[in-house]
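Contents: one structure, followed by commentary.
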Amino acid sequence: MTTTSSVISDAMRAAAGRELSRLVSYPVSASDIRRWALAAYYPAEPPPRYWDAEVAARSRWGGIIAPEDFNPFAWMSAEPRGLPRAAGVSDADVTEQHLGIDGPGLARQLNGGCSVEYGVPIRVDDVITSVHRLGGYSERDGRLGRMLFTALESTWTNQHREVVKRTTMTLIRY
């Protein structure tokens, strides 16, 4: 297999670590957590730590907590106000366009996987901040030519700056 030239430009390398977006949630309510847990566990009853204040108070968490997959941005965000704005998923260079740089011009992309690390649980009245960054790039040759791996990192923290969740998603473009 012949090695081709790099699809990672100097501008793309320099963009690693830059912030792509920032969201701030409304305060999380007990009702938000309860509804999420009901939907996630349906048709079974969710564990009481997600909806029963008395049981949750006696647990190791000392109160109601949200399931790990709870998303406080699922409906609206407080900052920026309103509904989440989705990028055009059909555009393979959307990350670079958002940063104001030229993308690699590769036509196809697919999900290369996702890893998640959980920190402290989300609790009633928490305000969550999500910061989404370009983690960086790597590349290698594949059967269809040069493949570009793009790491996108998202870190959620609560109002005490404690990490709630870190997610790394890998996009593969070719």
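Where in the chain is the longest stretch that carries no GluC sites (Glu not before Pro) classed as loop by DSSP and with at most 13 other Cβ atoms within 10 Å? Please list the in-between numbers first.
Numbers: sites that count: Glu68, Glu162.
My reading of the result: 69-161 is the longest stretch.
With an 8 Å Cα cut-off and a minimum separation of 6 or more residues, compute the relative contact order for region 95-174 in percent.
On the way: 156 pairs, mean separation 30.4, N = 80.
38 percent.
For q values of 0.12, 0.20, 0.24 Å⁻¹, compute log₁₀ I(q)/I(0) with the Debye formula on a Cα-only model of region 77-174, without solvent.
-0.49, -1.06, -1.29
Assigning unit charges at the beta carbon (Lys, Arg +1; Asp, Glu -1) and nothing else, what dipole magnitude in debye, to the nearest 20, does the chain show about its Cα centre? All intermediate terms of the calculation are to be shown ahead of the outcome.
Working: 20 positive and 20 negative charges, 28 e Å.
That gives the chain a dipole magnitude of about 140 debye.
Just from its helices, what would the mean residue ellipticity at 222 nm be for the chain, if runs of 4 or more DSSP H residues each count -39500 (n - 2.57) and the sum is divided by every residue, rounded to the nearest 500 deg cm²/dmol? Could you put the intermediate results ahead of the total?
Values: 4 runs with 29 residues, N = 174.
After summing the helix terms and dividing by the residues of the chain, the value is -4000 deg cm²/dmol.
Pick out which of Asp32, Asp93, Asp141 has the largest mean-square fluctuation in a Gaussian network model of the chain, springs linking Cα atoms closer than 10 Å.
Ranking Asp32, Asp93, Asp141 by mean-square fluctuation puts Asp141 first.
Return the carbon/sulfur percentage of the accessible area of the chain, one whole number, probe 1.4 Å, all protein chains in place. Please list the in-between numbers first.
Details: 5390 of 10470 Å².
Within the chain, the accessible surface is 51 percent carbon and sulfur.
Spelling out what I want: for every residue of region 143-155, take phi, set θ = phi - 60°, compute 6.51 cos²θ - 1.76 cosθ + 1.60 (Karplus), and round to whole Hz; glycine and proline get x.
4, 9, x, 5, 10, 10, 9, 10, 9, 10, 10, 10, 10
At 1.4 Å probe size, with every protein chain present, just tell me what the per residue accessible area of region 1-73 comes to in Å².
Working: 4510 Å² over 73 residues.
Heavy-atom accessible area per residue stands at 62 Å².
When the Kirkwood hydrodynamic radius is evaluated over all pairs of different C-alpha atoms of region 14-64, what value in angstrom, to one decimal, is obtained? Let's see the in-between values first.
Numbers: mean 1/r = 0.0757 Å⁻¹.
One over the average 1/r among Cα pairs gives 13.2 Å for region 14-64.
Just round it to a whole percent: the fraction of Cα-Cα distances in the chain exceeding 25 Å.
So the portion of pairs separated by more than 25 Å is 44 percent.
Can you list residues from other chains, or at least 5 along the same chain, whose modelled amide H is less than 5 Å from the amide H of Met147?
Residues meeting the criterion, in which the H sits 1.01 Å from N, are Arg140, Asp141, Gly142.
With the contact rule set at Cα under 8 Å and sequence spacing of 6 or more, what percent relative contact order holds for the chain?
Working: 343 pairs, mean separation 49.1, N = 174.
Over the chain, the number comes to 28 percent.
The values are calculated or read from the model by the stated rules, or taken from the named source; none is laboratory data. Values in this document were obtained by computation on a predicted structure and should not be read as measured data. Don't worry about glycine lacking a Cβ; one is built from the backbone with ideal geometry, like all the others, and counts go over all protein chains shown. When the accessible area is computed, the model is the full protein with side chains, heavy atoms only, and any ligands, DNA or RNA have been set aside. Shrake-Rupley method; radii C 1.70, N 1.55, O 1.52, S 1.80 Å.
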